[in-house]
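Okay, so here's the structure we're looking at.
The values are calculated or read from the model by the stated rules, or taken from the named source; none is laboratory data. Computed from a prediction, not measured in an experiment: that's the story for all the values here. Methodologically, a virtual Cβ is constructed for each residue, glycine included, from the backbone with ideal geometry; neighbour enumeration extends over all protein chains shown. Each accessible area value is taken on the protein alone, full model and side chains, heavy atoms only, with ligands, DNA and RNA left out. Shrake-Rupley method; radii C 1.70, N 1.55, O 1.52, S 1.80 Å.
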Amino acid sequence: MTKHSLLGVVAAIGLNAMSIAQAADAKTKIAVGIEFVRQHCVACHGEKKREADIRLDDLTGDVVLEGSRWSIVLQQVRDKAMPPEDSKQPTEAERKSFIEWGRSELARRPQSKPNSGNLVPHDLLFGTAVDANDNAKAPAARLWRLSPDAYLGWVEEVARGKAEGIVQPFTASPDRGIKDFAALARVDEPTTEILLRNADAIVQRQTAIEVIDGKKKTKNDTVREFTDILLADDPPTRAQLEKAIQKQFSIAIARQPDEGEVERLLALYERCAADGDRTGALKTMLGAVLLRSDAMFRFEMGSENGMLTPREAAAAVSSALMYRRERVIFEAAEKGQLKTRDDIAQHVRRIVDDPKIQKPRVLGFFREYFEYQIATEVFKDSPKDLWHRPDQAVRDTDRLVLHIVAEDKDVFRQLLTTRLAFANVKTSTNKQTRQEELQRSLVPNPHNEKGKAPPEELYGLAEWTDKQPFEQPENTRLGILMQPSWLVAWSENFNNDIVRRGRFIRERLLGGTVPDLPIGVAAMIPDDKHRTLRDRVASATHAEKCWRCHQHMDDLGLPFENFDHYGRLLKEDSVLDREATEKNVDKKGKPQGDVFRSVPLDTTGLIAGTGDAKLDGPIRDPRDLVQRIANSDRCRQVWIRHVFRYYFGRNETLADAQTLQNADRAYLDSNGSYKALLVSLLTSDSFLKRSATQ
């Protein structure tokens, strides 16, 4: 046996031995996890007795497949909520060993759903220093279908800005929160039918010809390379057809076709023109380009060195920030100028820093993160004393977000704690100076809105001011969570939504997880008007089987009882006065309506179970809540995790720890610049590199 072959055998034996040792170690750790559950959980969560309808005796230790149940167990054990106080408790060493095993296993669990994140323990992503030379595995190659907004942006490019009559073929996630995740988007048969009709409509516009005074003329927004063929009396030459193909590729796919693609499309034209319909054949050929997979999908396959190809990088950066292709970066890709990280970083900084380049996905993140725009979808009766206009409230919050992002200083803290606000504002162009100016948007009609407070009064303004943004009165509102739009979006038809507000804070600001409502459980709050909403919610959620989940939500949503469900600031609460209501009758004894009495307003709450001693504790009111969150390193990092998910189209994994830590460092070093955060994320290995397999 030669020296080289001997070394090969030794190496193989060594690797095999290591694999056996690793497998044995994994089995030992799984046995520890299963034994912990058997000793401390199965008595109440077994085959026959299933507290909270949770069964744990059948767990195999495969945290990847059984992740939902294991994550619940780990969170309960970590917070010492389980085992119950009257049960035998594990030692601290046993508890620590179990949690460490479960966390390491959960980190391997693949995530696909947009809003099922936070399952990778936060301290594994941010609490452990990552070696800058760590060769973390790059994310897998993938396809990413155009989002609904990106599809319309593509149509406007291809159809010269004319998207009227085009049917939207794509849908986004119906869940609340982040909508566009790469792994969820597909093109099925009904979608394909719509795409076919849309392609035909687009080609009709590109080739539109009308007859005026007996002469054929092109309409506006047609493509000359196409109409030249249709206006000619003679059959098109090969050169003309090739030129048309190249033009359609440039418009629809932002690249030139290769020789094989040209030949296949020419062959398609010849087959279709065989019956003599050259016009129909040309349109079919042009439509075929619009239906290509690389028109509907973004490919992120990577090059030999793992980096995205220049064209893939151009598409990734464009799609991250806007719904249309950014012309300059695609031109650079065509010239082969996006081969290095520095090349790409230069264009990312250019786009991010240029205010003239429209970047709608920047505002899109804050809309999907805070979800204040859903205020327009919450039905409410119009009150007698308020002109309720949630659409204007959303526009005002949009303007506030964009103002904070434009200032670009301490953005996370400002989003939560700014006293600035815009109220009842619209933009108009001054005809003399041609400059955009802010004006009052909604002016009450003295007849229809008589006696109703205009929208600006929600913000504490006695009268509208052209000084926008203005500073709200002290001890009233702070940040986005006290904007009328957010308060309405996270409310019900007739009440505040304490539970969902608390869940928002737990998941999106504190980085926790809350299980979904179990099937068959009717979450009903008693309609007892003689009690405050706080009391009514407590009566419905404080039962032991409910409180296991509601303890993570209710105390976080209660401080917002400082406002009513229209977003008006309250100084006191009111409940039904049953005795006065019974007496409120006319001379004939007919009831004349409910009578309410004032009661003291309770805005206290509690932050608990975050794992951060500086963050946990009682809270006085919503202002105390948001200020404590805004000052928390953990909450800032949780926010960055959500920024990652939005721009990357997936949940973070343990392999992204270095990317997230670098982004957090870039944000802090730049005094809280959102632009610096974006540059760090969009030039990271997690964004720019791909591996062949997961």
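Numbers for the structure displayed
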| item | result |
| --- | --- |
| Total charge dipole magnitude, the chain, about the Cα centre, Cβ charges on Lys, Arg, Asp, Glu only, Debye to nearest 20 | 420 |
| Additional length obtainable on full extension of the chain from Asp586 to Arg50, 0.36 nm per residue less Cα span | 187.4 nm |
| Per-residue SASA entry for Lys590, accessible area with 1.4 Å probe, Å² rounded to 10 | 130 |
| ³J(HN,Hα), Karplus 6.51/-1.76/1.60, whole Hz, each residue of segment 497-508, x for Gly, Pro | 10, 4, 5, 5, 4, x, 5, 3, 5, 4, 8, 9 |
| Of Lys219/Lys283; Lys339/Lys359; Lys409/Lys675; Lys48/Lys96; Lys450/Lys571; Lys529/Lys583, those spanning more than 19 Å from alpha-carbon to alpha-carbon | Lys339/Lys359; Lys48/Lys96; Lys450/Lys571 |
| Principal axis dimensions, largest first and in whole angstrom, of segment 497-622 by Cα | 62, 36, 23 |
| Two-decimal ratio, segment 261-331, of alpha-carbon radius of gyration to 2.2 N^0.38 Å | 1.50 |
| Longest to shortest principal axis, alpha-carbon extents of segment 305-364, angstrom | 34, 17, 16 |
| Label corresponding to log10 I(q)/I(0) by the Debye sum over Cα atoms at q = 0.08, 0.10 Å⁻¹ when calculated from the structure given, among (i) -0.79, -1.12; (ii) -0.66, -0.95; (iii) -0.70, -1.08 | (i) |
| Accessible area per residue in Å² at 1.4 Å probe, computed on the chain | 51 |
| Accessible area of the chain belonging to carbon and sulfur atoms, whole % at 1.4 Å probe | 50 |
| FRET efficiency, 1/(1 + (r/R0)^6) with R0 51 Å, evaluated for Glu263 and Lys217 via beta carbons | 0.95 |
| Residues whose placed amide H lies under 5 Å from that of Arg145, excluding near-sequence neighbours | Ala185, Arg298 |
| ³J(HN,Hα) computed for each position of segment 357-366 - Karplus, 6.51 cos²θ - 1.76 cosθ + 1.60, integer Hz, glycine/proline x | 7, 5, 10, x, 6, 5, 4, x, 4, 5 |
| Relative contact order %, segment 497-622, counting alpha carbon pairs below 8 Å whose residues are six or more apart | 25 |
| Sequence-distant residues sharing a close amide H with Glu492 (under 5 Å, placed H) | Asp497 |
| Accessible surface of Val352 - all protein chains present, 1.4 Å probe, nearest 10 Å² | 10 |
| Integer Hz, Karplus 6.51/-1.76/1.60 couplings in order for segment 568-580, x for Gly and Pro | 7, 5, 10, 10, 7, 9, 9, 9, 5, 8, 5, 5, 5 |
| Heavy-atom accessible area ranking, 1.4 Å probe, most first, across Trp486, Trp547 | Trp547, Trp486 |
| Segment 318-397 versus segment 555-595: alpha-carbon centroid distance in Å | 41 |
| Other-chain or far-sequence residues with amide H under 5 Å of Asp573's (modelled H) | Val599, Leu601 |
| Heavy atoms of Ser87 accessible to a 1.4 Å probe, total area in Å² rounded to 10 | 50 |
| Surrounding net charge for Pro148, when Lys and Arg each add one and Asp and Glu each subtract one, Cβ distance under 9 Å | -1 |
| For segment 243-282 and segment 448-474, distance of Cα centres in Å | 59 |
